[in-house]
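Here's the structure, in structure tokens; my notes come after.
We did not get these values from a lab; they are worked out from the coordinates using the rules stated. This structure is a prediction, so every number in the text was calculated from the model and none was measured. Note: ideal-geometry Cβ built from the backbone for every residue, glycine included; neighbour counts use all protein chains shown.
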Ligand code: AMP
């Protein structure tokens with residue numbers, strides 16, 4: 001199984017977020033789950049990768065060349081795919097990926113998460129998406145998605161495209177219980 005993780009590059013965040021990234025890395029290593037991520041060495045990306053490496057897990061960085069040149073790559077990740085730009089990177093994240101997990105993050109994480117939800121709405125990506133709402137970090141975004149449904153910009157079935165958990169311990173059960181989805185979703189994408 002391969003899981004793609006989107007998460008923060010920032011170092012200026014509370015320790016509780018780092019603890020969750022570390023624990024998620026340990027869980028994936030224990031379960032022998034291959035992770036693909038942005039390849040960064042800082043913030044939650046750095047902590048996730050270091051945790052997976054320390055616990056003998058398999059993690060692969062997917063990064064545009066320009067980020068490598070400015071030395072954003074994690075120093076101890078050994079498996080890499082370098083791509084030409086951000087669009088190719090986001091497409092590559094999802095190739096052979098069985099589930100997506102969004103830990104807390106900034107605009108880069110929001111962008112990745114909202115793109116994968118959009119792709120799922122169109123039936124271009126049909127696998128589980130799990131949002132890890134650590135200490136309510138994602139409450140405003142979850143509220144916005146619900147408002148989007150309430151106001152008719154998206155239909156109620158689209159609210160089943162993502163699972164929300166409060167703690168990384170619940171990520172694997174959320175992947176398991178995720179509602180089935182398929183390429184046919186394009187038929188009702190307009191709501
Ligand atoms: P942000 O949430 O704004 O910190 O952005 C994090 C997301 O954007 C990650 O999932 C990465 O795919 C990408 N990204 C942003 N900054 C970096 C970085 N310094 N190194 C690697 N990837 C990054």
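Brief remarks on what is shown
- Of all residues in region 65-94, those that are closer than 17 Å to residue 4 by Cβ and in contact (Cβ under 8 Å) with a residue 40 or more places away in the chain have Cβ atoms under 7 Å from Cβ atoms of residues that are assigned to a loop (DSSP other than H, G, I, E, B) and away from the ligand (no atom under 11 Å from the Cβ), 6 or more apart or on another chain, in 94/125.
- Of all residues in region 129-156 being touching a strand residue (DSSP E or B) at 6+ places or on another chain (Cβ under 9 Å) and in a loop (DSSP other than H, G, I, E, B), the one that is nearest to residue 178 (Cα to Cα): 133
- The residues of region 161-183 that are surrounded by fewer than 12 Cβ atoms within 10 Å (Cβ to Cβ) and either in contact with a strand residue (DSSP E or B) (Cβ under 6 Å, 6 or more places away or on another chain) or in a helix (DSSP H, G or I) (or both), listed by number, are 176, 177, 183.
- Selection count where residues are assigned to a helix (DSSP H, G or I) and surrounded by 15 or more Cβ atoms within 10 Å (Cβ to Cβ), scope region 104-128: 10
Conditions (1) within 14 Å of the ligand (Cβ to nearest atom); (2) surrounded by fewer than 23 Cβ atoms within 10 Å (Cβ to Cβ); (3) under 18 Å from the mean Cα position of the chain (by Cα), marked per residue:
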position: 18; (1), (2), (3): yes, yes, yes
position: 47; (1), (2), (3): yes, no, yes
position: 69; (1), (2), (3): yes, yes, no
position: 84; (1), (2), (3): no, yes, no
